[in-house]
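The structure under discussion appears below in the form of structure tokens.
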Amino acid sequence: QVRLVESGGGLVQAGGSLTLSCTASGNIFSSNIMGWYRQVLGKQRELVARIISGGNTNCADSVKGRFTISRDNAKNTVYLQMNNLKPEDTAVYYCNTLPWRLDWGRGTQVTVSS
């Protein structure tokens, strides 16, 4: 079973930036749509960005213009560049395929202070 490991989260002030990374233990990115998701405690997990094998990307309206998803198939890694962060971006961030079909990793906590 492929394992997903997210990293790069932290505490940042509003307006700041973070870059998240998600590395898979196997080569899955080149043949799958990959997504970054986030979850606030007590709420449903939501998709914030996706990237298809050809490189096309989409972001949720709430993060459009601020977040950028990218991938490095050779490194089995997908990234989420987050700029101009807002307190409402505070959540645990996860990556997975789209639709999700792998075991979820532990995620990485992003906390944005006002």
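The values are calculated or read from the model by the stated rules, or taken from the named source; none is laboratory data. What you see is a predicted model, and the numbers here were worked out from it, not measured in a lab. Ideal geometry is used to build each Cβ from the backbone, glycine not excepted, and the neighbour counts take in all protein chains shown. Ligands, DNA and RNA are excluded from the accessible area calculation, which covers all protein heavy atoms including side chains. Shrake-Rupley method; radii C 1.70, N 1.55, O 1.52, S 1.80 Å.
A few remarks follow.
- Close pairs from the stretch 18-43: first farther than 14 Å from G107 by Cβ, partner surrounded by fewer than 18 Cβ atoms within 10 Å (Cβ to Cβ) and among the basic types (K, R), Cβ under 6 Å, at least 6 apart: S25/R3
- Hey, T77 of a type in the set (S, T, Y), under 15 Å from the mean Cα position of the chain (by Cα) and open to solvent by 30 Å² or more (accessible area, probe 1.4 Å) or not: no
- Failed item in (1) crowded, with 18+ Cβ neighbours inside 10 Å; (2) more than 19 Å from N58 (Cα to Cα); (3) not aromatic (F, W, Y), with R106 passing the rest: (1)
- Conditions (1) among the aliphatic types (A, V, I, L, M); (2) without any contact (Cβ under 8 Å) to a residue 60 or more places away in the chain; (3) in contact with a Pro (Cβ under 6 Å, 6 or more places away or on another chain); number of the one not met by V112: (2)
- Taken over the stretch 80-103, the criterion of being surrounded by fewer than 17 Cβ atoms within 10 Å (Cβ to Cβ) and not in a loop (DSSP other than H, G, I, E, B) is satisfied by Q81, P87, E88.
- The listed residues are G65, G42, G26, G55, and the only one of them that is at pLDDT below 95 and open to solvent by 70 Å² or more (accessible area, probe 1.4 Å) turns out to be G42.
- The set of residues in the stretch 1-17 that are within 13 Å of R106 (Cα to Cα), open to solvent by 20 Å² or more (accessible area, probe 1.4 Å) and out of contact with any Asp or Glu (no Cβ under 8 Å at 6 or more places or on another chain) comprises V5, S7, G8, G9.
- Restricting V48, V12, V63 to residues that are of a type in the set (A, V, I, L, M, F, W, C), in a strand (DSSP E or B), farther than 13 Å from L98 by Cα and in contact (Cβ under 8 Å) with a residue 12 or more places away in the chain narrows the list to V12.
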